[in-house]
1. When the helices in chain A are scored as -39500 (n - 2.57) per DSSP H run of 4 or longer and the sum is shared across all residues, what 222 nm value do you end up with, to the nearest 500 deg cm²/dmol?
2. Given N residues in the stretch A:1-143, what is Rg(Cα) / (2.2 N^0.38 Å)?
3. Under the definition of partner shielding as Cβ atoms of other protein chains within 10 Å of a residue Cβ, what is the mean value for peptide A:293-300?
4. Using the number of other C-beta atoms within 10 angstrom as an exposure proxy, rank A:Y139, A:Y374, B:Y147 with the fewest first.
5. If you average the alpha carbon positions of the stretch C:1-54 and of the stretch A:174-195, how far apart do those two centres end up, in angstrom?
6. Output the antiparallel fraction of DSSP beta bridges having both residues in the stretch B:2-126, as a percent to the nearest 5.
7. By counting other Cβ atoms within 10 Å of each Cβ, how are A:H146, C:H37 ranked from fewest to most?
8. Fewest first, what order do C:R121, B:R23 take by the number of other Cβ atoms within 10 Å?
Amino acid sequence: MTNSIPEFEDADCVLITGSNTSEAHPLISTRIMRAKAKGAKIVVVDPRTTQMSLLANLHLKQQPGSDVAWINGMMNVIINEGLADDVFIEKRTEGFDELKAAVAEFTPEYVEEISGIPAYDLVAAAKMYAEADAASIVYSMGITQHITGVDNVLSCANLAMLTGNMGRPSTGVNPLRGQNNVQGACDMGGLPNVYPGYQKVSDPDIQAKFEKAWGIRTENGGRKTGSGLLSPVTGLSDKVGLTVTEMVELAGSGEVKTLYIMGENPLMADADINHAKKCLKNLDFLVVQDIFLTETAEIADVVLPGASFAEKDGTFTATDRRVQLVNQAIEPVGESKADWEIINMLAKEMGASGFDFSSPEEIMAEIAALTPIYGGYSYERLKNGNVLQWPCPDAEHPGTPYLHKDKFSRGLGKFHGIEYKAPAESADDDYPLTLTTGRIMFHFHTGTMSRRAEKLNKEVPEAYVEIHPEDAIKVGINGHKRVTVSSRRGEIELATRVTDRIKPGVVFIPFHFAEAAANALTNSAFDPVAKIPEYKVCAVKIQTTADPVLEVCNESYKSKN
Amino acid sequence: MITEIRDKVAEQLEKLDGIVALRSTEDGAAPYLFQQGDNLEELVMNPRYPLSKTASKLQKRFKDAKLGVVARGCDVRALVEMAKRNQIDPDRLVVIGVTCTSEEAEFCFCAEPAPNLDQWSGSTLIGEPVPGAPPNPIVAEYAQIPYAERWAFWKAQFTKCHKCFGCRDICPVCFCEACALEDPLWVEPGLLAPDFPMYHLIKAQHMTTRCVGCRQCEMACPADIPLTVLYDLVRQDVAELIGYVPGADINEMPPFTLTLADAAIESDLVY
Amino acid sequence: MDYKNIQTICPYCGCGCALNLEVIDGEIVGVLPANDHPVSQGSLCIKGWNAHAFVGHEDRLKKPLIRKNGQLEEVSWNEALKLVAKNLGSIQKKHGADSIGVLTSAKCTNEENYLLQKFARAVIGTNNVDHCARL
């Protein structure tokens, strides 16, 4: 997030898209609702009616995958109505002409054809956003999980810059990260192209810095340690590594032989999981470190029991770059161990030096020394209740509540003219409905944790598909009948919820349920840059399945008559 | 006053096995069971938590322990209601009562900011009692709204509900293991916002003979729903119609059979 | 007889709400909100209020497992770590470091993520490091 969670309260307009905020990020929706109570305008753009959209001033229901079109359309209106922030564009940005040319054809009427959003609603939304003093954009995976994920994000940035809604409190572009430490995992270099703090692996100076710090090259030459188990690393690789989607694919083709997976469950989370499972089964060796025997752990060669959040110290980084202490409440269950201890032990087993940490606090000291944006963090500071949002480069730095205050990281903000591209797969005669996936309030991600929480699972114990009454009639569903939903990649059987909360022609399935995994259906076509799969759009068909209870009744009825 | 409280706790710890109070450390402030040897400099009076529930949990877990609790007026009223429902054994609990200040009373619109310890043997009162604060003016304003509009008002409020159950979980007198709010017979599970009006009216109805006016539910509500306006109103009605005031008299049983059924569910404590 | 609250951060979404884990004699018995936290301000959602529920679940893995004759069997830490070290080493030697991939975790701490990417880059020698941020 460019800005902080508490800042939402003081926004004059919040534009929410691709985020079911009140269910997926409830305590952020609290702040947005407070802004509304103070008079802010709330605009929701989402194919589904959500709690947030019911409370919003305006709800636009777009066709899934049409985000570039409606955002371009809003910018078209803003430019034509003279609502652009000319001073901000002049002083802080470049490439405006390119943007202006790109959005020229996206008139509200043309956008209505692509997105299904009524032209007058689009104009109203554009005005609400552009006329506000401080307007904030909130998005989540509904923007990123498309083959045009990067285009969608750039479009949001275009819109914010066009109206000068950057670098001030309660403005900005605010992606809500879905997992408690997904921000931290990125910050810590859990990415194929960067070391901790987004320092590029391809930069020779950065490479040299880490080689020195990690003892790979010493003053007098190469590395000295090693057990002979493996070839010692004599220099850090400057080659950008593989993303998770590529690793899975190359596991299938045999180029990747081994995966070491810590606390992730790709066999539920990946798109097209039937294919992913085939790929992972082809590995020579699969190690999974987790707290439960997840769907992925079930096919592993070695499973290492990790400790849960309640059983260890450390830090998590929240979606607004806020680094916070995690404190151990109880001893690890059974013989499980904190993940940092396991890695320490494994590295030592392999004869590696530099893994002698006796506490997470010591690891944080090394992180701070090597990661400029985390340079000012220490457990000492965090313990005193300081709210420290990165960048926090030194021990005196107070942290950064909002980014891009006087300049962008690259200097001038660059407008990108973005063309609209249709989703990889559209509904057709064979698969006439568009499936979109997402979360619900009562469960979390692949369900590993929430489905084992009695009170959460009691609220929603099974998977369901949301379908509009018009479509339900066409398919022949009445009441809570079970159905089979199939795509070109797989099929699942699940319950139905007939509701006008969803757009006609679109169906929604939460992805938390292993026994009816939505990702058996989703399309693994991905964004060429971010390599993010298109979870939010694929084509499916629905057939009613036999109802076992009804069948028994019918049988007994027949036999008696 | 805090020094006086700490001194009293130190004195009582020589006779008791432990005392429930708030402890503040570098990680934050929360309920804690103080025992001999603990640093009493860490004992504080803010923020507020449902200490009656902590005391109840500990009494059930440690059946022979003689415990104490540092309690404000509302905490003591909650202890009274919990005792009536067999969730607190008053004979095994020593109360160190602490008066609230006028400012605190005004903040909570509290009519009875000093704990009433008449019915708690071995208890002590610390601080000078201050008079009750005037009631929440919003309650009177609300009473002017025509009935037809009240429905729309509450519907708009409850449409914001996240169904976190926080109003129940933080409530110092909610304890049932089988909660009607989780019973599919009354409230359809898995919906957001939860069914209107069932979810909230069941909660309000259960509050009629229980609510001690601590206002923790409203502070815990992530949707900023003015729950205490509703509960103040139902309490007023019950006081007028039945003459029952929750938390006032440990010997006066709650008037609704509903709560007697609750007591039967968890009756492992006998007094 | 021991009762305390440990303030920590919710394991669910990215809001980063603080919560208190109520601990009696080394067992987590409940959750209380954290009143002084800048984001959660004494509130939680239903997931936060139930953040402790999975921790003590009977399905928790309690010992390392190794697949033997097609079945996962409980083994000692020593045996499991030795096998992982041996196999990672031999695959790295035979097929090169880039034949190995590592997934760090959006559920683990910063320190753990740091350590695992350091392990991948400095010990194995590959930048094949990613996690489910996209998924």
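1. Roughly -9000 deg cm²/dmol at 222 nm, from the helical runs in chain A.
2. Numbers: Rg = 14.8 Å, N = 143, 2.2 N^0.38 = 14.5 Å.
Rg over 2.2 N^0.38 Å, computed on Cα atoms: 1.02.
3. Values: counts 5, 1, 0, 1, 3, 1, 2, 4.
What the average comes to for A:293-300 is 2.
4. Numbers: A:Y139 22, A:Y374 27, B:Y147 6.
Ranking A:Y139, A:Y374, B:Y147 by Cβ neighbours within 10 Å, fewest first, gives B:Y147, A:Y139, A:Y374.
5. 23 Å
6. Values: 9 of 20 bridges.
So the antiparallel bridges in the stretch B:2-126 amount to around 45 percent.
7. Values: A:H146 31, C:H37 22.
Fewest-to-most ranking of A:H146, C:H37: C:H37, A:H146.
8. Working: C:R121 27, B:R23 21.
Fewest to most other Cβ atoms nearby, the residues stand as B:R23, C:R121.
Taken together, the values in this text are just the output of simple stated rules run on the coordinates, not laboratory data. As the structure is a computational prediction, the values presented were derived from the model and not from experiment. Cβ: placed from backbone, ideal geometry, glycine included. Neighbour counts: every protein chain shown.
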